[in-house]
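Chemist: First, the structure itself, so that you have it in front of you.
The values are calculated or read from the model by the stated rules, or taken from the named source; none is laboratory data. The model shown is predicted, which means the values in this text are computed figures rather than measured ones. Virtual Cβ from ideal backbone geometry, glycine too; neighbours counted across all protein chains shown.
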Amino acid sequence: MSEIAKLQVGDQSYEFPLIKGTENELAINIKTLRGATNGVITIDPGFKNTGSCESAITFLDGEKGILRFRGYSIEELAEKANFLEVAYALIFGNLPTSEQLEKFHSDIKAKSVVDDDVKKIIDAFPKTAHPMGILSSLTSALTAFNPSSVNVESEEEVYNAIVKIMGKFPVLVAWTMRKKQGLPLNYGSNSLGYIENVMKMMFEQPNENYEINTIVKNALDKLLILHADHEQNCSTSTVRIVGSSHAGLFASLSAGISALWGPLHGGANQAVLEMLEAIKEDGGDTKKYMAKAKDKNDPFRLMGFGHRVYKNFDPRAKIIKKAADEVLNSLGVDDPILEIAKGLEREALSDPYFVDRKLYPNVDFYSGIIYRAMGIPVEMFTVMFALGRLPGWIAQWKEMRFKKEPIGRPRQIYTGENERPFTPIQKR
Ligand code: ACO
């Protein structure tokens, strides 16, 4: 195949080189387009056909349902690795040796204490605050307590910022949840593993010794691994574009958290559970909701279905569905919501509307059911997604920084008024 793409604009023709990725994906490199054509640009709202970068972190093939981090398949990682190993691989490129993992973990632990004054910021939030809003604010506020983290030119400070956020973020997550529940804000224990520590901080009651439940621990490890990265999605692109202005890691992550909050992205896991609850309250008639989802005059969408990239199946959803069954069985939870979810999935998979549009359950169709079984409040589900996505955001931000990518600044086609005279207010 020829290595060039030809473009005809009016009666002029132009040639652009093709770029090939390691999995043979092809892109037309239009870096010279605007200059060569005297101002012609491409337009692609939602970036459905536009690559924003070359990246060596995550590969996904939406048609074949493949997801790999640094070349390792998501199925193998979810089965054989723990979250911290996956975080290391995403951020530094390879799975760690035991020494590398130990050093990474001990650096994280050394930086995991959050300044006590952060509690004053949490106190200032009204009861109505959504945990994602609190988390985004606290993550941004960390810069004020760690000013050297804005030095994005220094590899050493970037490493420090990485281990600081890996250590402090679970504290912020736990504090966000505990504040809403009226529980004292605690610290974890450096003698525990990363996930065990997260659990202790989140679930420990002030008057009880906290015992780690291994089933819950394994499920949480798996869930966080499945969410750890997903190439150039909405929140990751946000993190990269904010960081491209040389904003520090924490400020970039805070913006990513805000992007993740929306119901079309990470907020879907909360929306799925609210939808399943509503269907249950309404008598459990899944057919009624299927009809609503298909009705173009009804804004209702089947939450947890469809994906911008996966047009066959979401490999993460397969793993999660199995984990949901296991966790619920082992914890002895009999949740009618699971039956409603399975019913909806069955109907959607054989319904021409969903089949024709290639709409399949995504990762968040089942994750909320597991989080609920773990005793995590619905409002916190997207925060759990953020906790899982943290290493992916860090890896993508670091890659963008060290490749010295230019500032992200898209163009536009202007469709407003042409120049017109100013009319004084009395004459308008
Ligand atoms: N329910 C009903 N119809 C749907 C759904 C759905 N969940 N998702 C897409 N469609 C329909 C659209 O109405 C559209 O129909 P049309 O061609 O007749 O107009 C068609 O399928 C294509 O949909 P788009 O919105 O154009 O697809 P896009 O790739 O832009 O959106 C998205 C993907 C946002 C995930 C969408 O499928 C959606 O809103 N799903 C529900 C929310 C959700 O679960 N989000 C989580 C995504 S995964 C994640 O972030 C971790």
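Chemist: Show the residue pairs meeting these rules: Cβ distance below 7 Å; 6+ apart or different chains; first residue within region 388-411 and surrounded by 11 or more Cβ atoms within 10 Å (Cβ to Cβ); second residue at pLDDT below 95 and not in a helix (DSSP H, G or I).
Modeler: The qualifying pairs are 401/152.
Chemist: Search region 36-61 for residues that are under 28 Å from residue 414 (Cα atoms) and pair each with any residue that is within 16 Å of the ligand (Cβ to nearest atom) and acidic (Asp, Glu) when their beta-carbon atoms are under 8 Å apart and the residues are at least 6 apart or on different chains.
Modeler: Partner pairs satisfying both residue conditions: 50/44.
Chemist: Taking only pairs six or more apart or across chains, which ones have beta-carbon atoms under 6 Å, a first residue in region 216-245 that is among the charged types (D, E, K, R), and a second residue that is away from the ligand (no atom under 13 Å from the Cβ) and modelled with pLDDT under 95?
Modeler: That search, which allows pairs on different chains as well, returns 222/323.
Chemist: Grab the helices (runs of 4 or more DSSP H) fully contained in region 220-338, keeping just those with 3 or more residues being within 14 Å of the ligand (Cβ to nearest atom) and more than 30 Å from residue 193 (Cβ to Cβ). Don't jump to the end; show me each part of the working.
Modeler: Numbers: elements: 234-243, 249-261, 268-281, 286-294, 315-331.
Hits in region 220-338: 234-243, 268-281, 286-294.
Chemist: Inside region 17-49, can you point out the residues that are within 16 Å of the ligand (Cβ to nearest atom) and assigned to a helix (DSSP H, G or I)?
Modeler: 45, 46, 47
Chemist: Restricted to region 266-290, and to residues that are crowded, with 19+ Cβ neighbours inside 10 Å and free of Cβ contacts under 8 Å to residues at least 60 places away in the same chain, which residue is nearest to residue 231 (Cα to Cα)?
Modeler: Filtering first and then ranking leaves 271.
Chemist: Oh, and also: For region 159-208, name all the residues that are in contact (Cβ under 8 Å) with a residue 12 or more places away in the chain, under 18 Å from residue 116 (Cβ atoms) and small (Gly, Ala, Ser).
Modeler: 167, 174, 188
Chemist: Pull up region 340-382, narrow it to residues that are surrounded by 20 or more Cβ atoms within 10 Å (Cβ to Cβ), closer than 25 Å to residue 217 by Cβ and small (Gly, Ala, Ser), then point me to the one that is nearest to the ligand (Cβ to nearest atom).
Modeler: For region 340-382, the residue satisfying everything is 367.
Chemist: Now for a separate question. Looking at region 201-215, can you tell me whether even one residue there is of a type in the set (Val, Ile, Thr) and within 14 Å of the ligand (Cβ to nearest atom)? Spell out the reasoning first.
Modeler: Our first condition is that a residue be of a type in the set (Val, Ile, Thr); within region 201-215, this holds for 212, 214-215.
Narrowing the set further to residues that are within 14 Å of the ligand (Cβ to nearest atom) leaves none.
So far as region 201-215 goes, no, none of its residues is of a type in the set (Val, Ile, Thr) and within 14 Å of the ligand (Cβ to nearest atom).
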